[in-house]
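The structure appears right after this line, and notes come after that.
The values are calculated or read from the model by the stated rules, or taken from the named source; none is laboratory data. This one's a predicted model, so the numbers in the text were calculated from it and none came from an experiment. Neighbour counts run over all protein chains shown; Cβ positions are idealised from the backbone, glycine included.
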Amino acid sequence: MFSINILTVILVTYNRSHYLRFAIEAILNQTYNDFDLIILNNGSTDDTEEVIKRYKDNKIRYIKHDENKLLGLFSTIKDMCNTKYLLITHDDDIMEPTMIEREMQILESDEEIVAVSCAVNHIDEENHIIMKNFLLKTLPHVTEDLLFNKYDYFHYYCQYNVLIFAVQTMIVRKKVFDDVDHDLAQRVGGMYDLYFILLINEFGKLYVIKEPLFNLRIHRAQLSRNRIPIYE
């Protein structure tokens, strides 16, 4: 589908209607406005659809899968939009108002940067911050934003053994996303996030904003803290 905007945000949701409104409203209240929002209902059996249909914003396009799709979901997403940039995010987390604007400024300033993410806070089931800035908590030596040249993130990960990219915060160039072998990446299961980041680093530079512009929810319904919520 053709769009006049340069960014598509895809919010994937599955049976989390009680958190969903926080995620939707945080996206719609961004200081950056030139984006389309696709809400992808990945086979929910609760009242997710009713929650989504309360929102009448023209930015929103609603897509419903009749069943929860596991393997192949990202290959399906490739065909949902034709914008220059893509952000796939989750239904139980909450963006800070300037997240998209800050990340887009960086991407638009340097064509060699293929993806930008940011640090995150951890929040509980009641939206209370339980860990402020996971990046600085685990890597206290970080004093400024991080820039990884092509192929460099693998060495950084081997040195510190910390996944500093939260993929649900990551805006990526759509052409790069399309060129990644997602079917292969998804076969690594719970290591998908790391593998995906290593793959896109083969196409260019990666950037991490050290400021927490995203609130990642930790709750009992997760399979693990290193989960892929799209699949749950």
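Remarks
- Condition check for ASP36 on (1) acidic (Asp, Glu); (2) under 24 Å from LYS210 (Cα atoms); (3) crowded, with 16+ Cβ neighbours inside 10 Å: one failure, at (2).
- Test: residue in the stretch 51-60 that is crowded, with 18+ Cβ neighbours inside 10 Å and of a type in the set (Phe, Trp, Tyr): no
- Leading residue by the ranking (nearest to THR13 (Cα to Cα)) among those in the stretch 193-232 that are at pLDDT below 80 and in a helix (DSSP H, G or I): ILE230
- Of everything in the stretch 39-50 that is surrounded by 22 or more Cβ atoms within 10 Å (Cβ to Cβ) and among the β-branched types (Val, Ile, Thr), the residue that is nearest to the chain's Cα centre (by Cα) is ILE39.
- Considering the stretch 63-171, the qualifying helices (runs of 4 or more DSSP H), each wholly inside and each with 2 or more residues that are under 13 Å from LYS210 (Cα atoms), run over 99-109, 134-138.
- Residue, modelled with the lowest pLDDT, within the stretch 34-64, restricted to residues that are out of contact with any Leu (no Cβ under 6 Å at 6 or more places or on another chain) and under 26 Å from ILE200 (Cβ atoms): ASN42
- Number of positions in the stretch 172-182 that are of a type outside the set (Phe, Trp, Tyr), touching a strand residue (DSSP E or B) at 6+ places or on another chain (Cβ under 7 Å) and outside any strand (DSSP E or B): 2
- Flag for GLU67 being surrounded by fewer than 14 Cβ atoms within 10 Å (Cβ to Cβ), among the acidic types (Asp, Glu) and modelled with pLDDT of 95 or more: no
- Odd one out for ILE39 among (1) within 24 Å of THR98 (Cα to Cα); (2) assigned to a loop (DSSP other than H, G, I, E, B); (3) touching a residue at least 12 places away in the same chain (Cβ under 8 Å): (2)
- Residues (touching a residue at least 60 places away in the same chain (Cβ under 8 Å) and within 13 Å of the chain's Cα centre (by Cα)) located in the stretch 141-172: VAL167, GLN168, THR169, MET170, ILE171, VAL172
- Residues in the stretch 1-33 that are surrounded by 14 or more Cβ atoms within 10 Å (Cβ to Cβ) and assigned to a loop (DSSP other than H, G, I, E, B): SER3, ASN5, ILE6, TYR14, ASN15, ARG16, GLN30, TYR32.
- Residues being in contact with a helix residue (DSSP H, G or I) (Cβ under 9 Å, 6 or more places away or on another chain) and crowded, with 16+ Cβ neighbours inside 10 Å - total across the stretch 109-138: 10
- Checked against the criterion of being among the hydroxyl-bearing types (Ser, Thr, Tyr) and surrounded by fewer than 16 Cβ atoms within 10 Å (Cβ to Cβ), the candidates THR76, THR83 yield just one match: THR76.
Condition check ((1) out of contact with any strand residue (DSSP E or B) (no Cβ under 6 Å at 6 or more places or on another chain); (2) under 26 Å from ILE218 (Cα atoms); (3) at pLDDT 95 or above; (4) of a type outside the set (Ser, Thr, Tyr)) across all residues:
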| residue | (1), (2), (3), (4) |
| --- | --- |
| GLU111 | yes, no, yes, yes |
| ASP124 | no, yes, no, yes |
| THR138 | yes, yes, no, no |
| THR143 | yes, yes, no, no |
| LYS150 | yes, no, yes, yes |
| CYS158 | yes, yes, no, yes |
| LEU163 | yes, yes, no, yes |
